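Rule-based calculations on the coordinates, nothing more; no lab input. Quick caveat: nothing in here was measured; it's all calculated off a predicted structure. Backbone-built Cβ (ideal geometry, glycine too); neighbour counts: all protein chains shown.
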Amino acid sequence: MAVSFVTKAGPIVEAQAPSRDMDPRIDAAVAVARRHADAVDVEARFPREAFEELRAQKLLGLLLPVEAGGEAARVSDVAQICYALGRVCSSTAMIYAMHQANIACIVQHADATPKFSSYLRRIGQEQMLVASSTTEGNNGANVRMSESAIQSNAKGISLSRDSSVLSYGADADAIVSTARRAPESIGTDQVLVLFFREQYNLTEGASWDALGMRGTCSAGFRLEARGEAEQVLTTPYERIHRHAMMPVTHLLWAACWAGIAAGAVERAQGFVRKISRLAKGALPPGAPLATQASLSLMTLVNMVGAALADYKRRAASKSGLDEIAFQTSLNLLKVGASELAIETVMRALGAAGISGYRNDSEFSIGRLLRDVLSSSVMINNNRILANTAAASLLGGVPEQI
């Protein structure tokens, strides 16, 4: 890829090649997201201004191939943007991460047909925002089990689905949804299907009035959709999940959480500097906590950087993504990154004291804390640890560092 995505927020890991000038497109989007972050949180609304800017800067289709209007970017490029956005608006960063994970699924597993190529071109040309419907009914976070099935007839396909959580669904331009391959299929025989906005209707069910990440608008909806048979990807979802949905989602989520933590550390450092100036160089009592917050942020950033590098290396091979050790490491990345991000923000709050606790302070960390707390319950950490217990025991420990 020709463009180096380095922003004023800095890279997650030090670039292997000499860094280039900052990409002004990203800085423009970050500036808009920063300006409206508080309003998005207070009003629990979709961050429309930030996504208008992301669309105008053509940053929504980065992972698409060049012939589809994209830039054939790497997941690590997108992670840098998630990190930069996370520092200023958690909801914008999380929506951007989920969108790009959905794009990764359909790009990496697109059928090599003229029809599906036209779908990708449309997504790129229109800079579409793509949501996903992978949780359903009583299944909760079990995305590897579907209740509803694809119905096929001479006119095409249809799907009727109770989406218990459909983040930013009302504001998306397209949706990718899991479903059983056919009415006679078992729940784990899943496919991924792409629908465009004019092909589906959403009826809101469960509302979204949450503690944090309020702008993700993760309400529940009844999805009623009709489309063409070619919109169903032929690759089984089990493989798409293993190679794209799970790894890219966990990597980009972790980058978002690292960005939130960085935003909190910045505020804590700003508070310590201000008090130190006023006290003619004397450090406030919270200064050691600011140092600890910086240290845990460094650990978090390195954790995400190492995972991105491992994914890049494995994605270049035919079987690297299928190894149990890698799949386990991604699940543990989700748990480790979320817990470390929460710890970092809490330390930053301690460093800033009452100024961090107050909502009307320039050093307020309240919104960042509420947002980062979502990280441990977006696919509950306890569920992940229980599901990976056996694989973790079989994996042993690293032989060297």
* Asked: Using θ = phi - 60° and the Karplus curve 6.51 cos²θ - 1.76 cosθ + 1.60, what whole-Hz ³J(HN,Hα) does each residue of region 187-200 get, with Gly and Pro shown as x?
  -> x, 8, 8, 10, 10, 10, 10, 9, 10, 9, 3, 6, 9, 9
* Asked: How much length is gained on full extension from residue 126 to residue 389, taking 0.36 nm per residue of separation minus their Cα-Cα distance?
  -> 90.3 nm
* Hull volume in cubic angstrom per residue (convex hull over the Cα atoms of region 24-125) -> 87
* Structure fact -> Which of 58, 312, 280 fluctuates most in a GNM of the chain (C-alpha springs under 10 Å)? That residue is 280
* Structure fact -> A correct Karplus calculation of ³J(HN,Hα) over region 242-255, with 6.51 cos²θ - 1.76 cosθ + 1.60, θ = phi - 60°, whole Hz and x for Gly and Pro, returns 6, 8, 10, 4, 5, x, 5, 4, 5, 5, 6, 4, 4, 5
* Structure fact -> For 216, 234, 344, ascending order of other Cβ atoms within 10 Å (fewest first) is 234, 216, 344
* Structure fact -> Interchain or sequence-distant (5+) residues whose placed amide H lies within less than 5 Å of the amide H of residue 149 are 160, 180
* Quote the relative contact order of region 143-280 in percent (integer), defining contacts as alpha-carbon pairs under 8 Å separated by 6+ residues. => 25
* Asked: Using alpha carbons only, how many degrees (0 to 90, rounded to 10) separate the axis of helix 114-125 from the longest principal axis of the chain?
  -> 30
* Structure fact -> Full extension between residue 382 and residue 235 adds, at 0.36 nm per residue less the Cα distance, a length in nm of 49.9 nm
* **D_trans [Stokes-Einstein, Kirkwood Rh over alpha-carbon pairs] for region 130-231, 10 °C, 1.306 mPa s, µm² s⁻¹** => 116
* So how far apart, in nm, are the two label points at residue 273 and residue 315 if each is 7 Å from Cα heading toward Cβ? -> 3.4
* Taking neighbour counts of Cβ atoms within 10 Å as a proxy for exposure, in what order, fewest first, do 83, 357 appear? -> 357, 83
* Asked: Considering lysine pairs in the chain that are 8 or more places apart or on different chains, how many have Cα atoms under 27 Å apart?
  -> 10
* GNM flexibility winner over the chain from 237, 200, 96 (Cα, springs under 10 Å) -> 200
* To do: Quick one: which residues, 5 or more positions from residue 136 or on another chain, have an amide H under 5 Å from its amide H? H modelled 1.01 Å from N in the peptide plane, none for Pro or chain starts.
  => 164
* Asked: What's log10 of I(q)/I(0) for region 237-395 at q = 0.15, 0.17 Å⁻¹, Debye sum over Cα points only, no solvent?
  -> -0.79, -0.92
* Nearest-ten-degree value, helix 24-43 long axis tilted from longest Cα axis of the chain -> 90
* To do: May I ask for the angle, rounded to the nearest 10°, between helix 90-108 and the longest principal axis of the chain, with both axes built from Cα atoms and the value confined to 0 to 90°?
  => 40
* **Volume in Å³ per residue [convex hull over Cα atoms, computed for region 173-316]** => 175
* Mind pulling the per residue volume of the convex hull built on the Cα atoms of region 251-295? Å³ is fine. => 51
* Structure fact -> In this structure, the FRET efficiency calculated for residue 182 and residue 108 from their beta-carbon separation, with R0 = 41 Å, to the nearest 0.05, is 0.95
* Cβ-based exposure ranking for 186, 81, 260, 342, in which fewest neighbours within 10 Å come first -> 186, 342, 81, 260
* Only helical DSSP H runs with n ≥ 4 go in: add -39500 (n - 2.57) per run for the chain, normalise by residue count and round the 222 nm mean residue ellipticity to 500 deg cm²/dmol. => -15500 deg cm²/dmol
* Work out the P(r) tail for the chain: percent of alpha carbon pairs separated by more than 41 Å, whole number. => 13
* Asked: Any idea what % of Cα-Cα pairs in region 316-355 are farther than 15 Å?
  -> 59
* Find how many whole Å separate the alpha carbon centroid of region 151-210 from the alpha carbon centroid of region 316-361. => 30
* Asked: Per the Kirkwood definition applied to all pairs of different Cα atoms, how many angstroms is the hydrodynamic radius of region 292-365?
  -> 14.2
